[in-house]
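To start, the structure under review is shown below, and the notes come after it.
The values are calculated or read from the model by the stated rules, or taken from the named source; none is laboratory data. For clarity, every value in this text was computed on a predicted model and none was experimentally measured. Reconstructed Cβ throughout: ideal geometry from the backbone, glycine too, with neighbour counts over all protein chains shown. Accessible surface areas use protein heavy atoms only, side chains included; no ligands, DNA or RNA. Shrake-Rupley method; radii C 1.70, N 1.55, O 1.52, S 1.80 Å.
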Amino acid sequence: MNDVHIVRKSFLAVLILSLLILFLFLSLCLGSEFYSPAKILHALSGGSLHNGEREIILKIRLPRMLLAMFLGGSLALSGFLLQTYFQNPIAGPFVLGISSGSKMCVAFMTIVCLKNGIVFSSWSLILASLVGSVAVTAFVICIAGKIRDLAFLLVAGIMIGYVCSSVTDLIVAFADDADIANLHGWVQGSFSGATMENVFVCLPLVSACFFLSFMLSKPIGAYRLGEGYAKSLGVNVKIFRPVLILISSVLSAVVTAFAGPISFVGVAVPFVVKRAFGADEPKLLIPLCFLGGATFCLFADLISRMLFAPVELNVSVATSFFGAPVVIFMLLTRQGGRRGK
């Protein structure tokens, strides 16, 4: 029986990797003009192409593809860490309003800087996003400390998200300057406008957070079985909990800084990965959630820009369409399990 499970898990892992590679190539090949895989490989290897094709591949499609991959994985991993912290599978950066808090701070900083002619960098965006992410996370934790009802926590997070989104909409309403036209698309979630500078900034942060999460696999596994159990195994919960939240906040902040709020990835992907692989070991779930989030966001980005081309949808339209039914199914199965008990 164990051999069957190993074969099944290996098959699913290979399937995810195959889909990831497929979507990576499709992201480079598809657009306003189709480029063959041979032409893509020629451009990536340093070869010259005609009519600016090499610039389109390397300066527009490649950074967008890389950003969608890294940020998609970051969202799924952030959701997994939040679910571990709150012991709630519905917890995620978008659902708890964390992404909305980041969005509000980034929008405010962007508009203030542009209105006053202040130059800001990618690091400034991440810092502003992190401030919003940590502030909302701290507020949610305070609520969680006073109210033990997880359903109320979920509602509180959604309400926080609405408040932050309303403030952001108010800010954007007075920001009609031509310099911030792209802000309207960013507010709804989009990978368009990505640059290699964005990729080089987010890559070390995402890599460091992934490495730290993986190194914390054993404490995460113990904590998922209960705070008391984790303490009995020598886990310093007072240090572990803030570190877990900080890693999740940084991952969420990086995503919002460069792509805006993207919905349901942080909740749907960890749930699907756990159900598909039938596993609960963090050493397995952390890389699989990252790969699953990267694959899902690459797919969603392809759908959003190709379905009604040349009109481009916001990526959250695709992630909501495919992710929301997963969350509904998760809630129904949890409710059914409780009734069965």
Checklist entry - So what is Rg over Rh here for the chain, counting just Cα atoms and using Kirkwood for Rh? => result 0.98
Item to check | Coordinate range along principal axes, alpha carbons of the range 235-308, Å, largest first | outcome: 51, 32, 15
Next on the checklist: At a 10 angstrom cut-off on C-beta neighbours, averaged per residue, how do the peptides 217-227, 77-87, 257-267 rank from highest to lowest?
Outcome noted: 257-267, 77-87, 217-227
Checklist outcome for this item: Mean projected area (nm²) from the convex hull of Cα positions in the range 196-281 is 6.6 nm²
Next on the checklist: If you build the convex hull over the alpha carbons only and average its shadow over all orientations, what do you get for the range 47-128? Give it in nm² to one decimal.
Outcome noted: 8.0 nm²
Checklist entry - Using a 1.4 Å probe, what is the accessible area per residue for the chain, in Å²? => result 48 Å²
Next on the checklist: Going by average Cβ density within 10 Å per residue, which order do the peptides 105-117, 33-45, 199-211 take, highest to lowest?
Outcome noted: 105-117, 199-211, 33-45
Checklist entry - Each label point is 7 Å from the Cα along the Cα-to-Cβ direction; what then is the distance between the points at Met159 and Lys218, in nm? => result 4.2 nm
Item to check | Cα-based Kirkwood hydrodynamic radius, the range 17-62, one decimal, Å | outcome: 10.7 Å
Checklist entry - If you average 1/r over every pair of different alpha-carbon atoms in the range 187-341 and take one over that average, what Kirkwood value in Å do you get? => result 17.4 Å
Checklist entry - Near Lys39, which lysines are there with a Cα under 22 Å away, not counting those fewer than 8 places off in the same chain? => result Lys59
Item to check | Carbon plus sulfur fraction of accessible area for the range 154-275, probe 1.4 Å, in percent | outcome: 68 percent
Checklist outcome for this item: Any lysines whose Cα falls less than 29 Å from that of Lys283, other than same-chain ones fewer than 8 residues away, would be Lys9, Lys218, Lys231, Lys238, Lys274
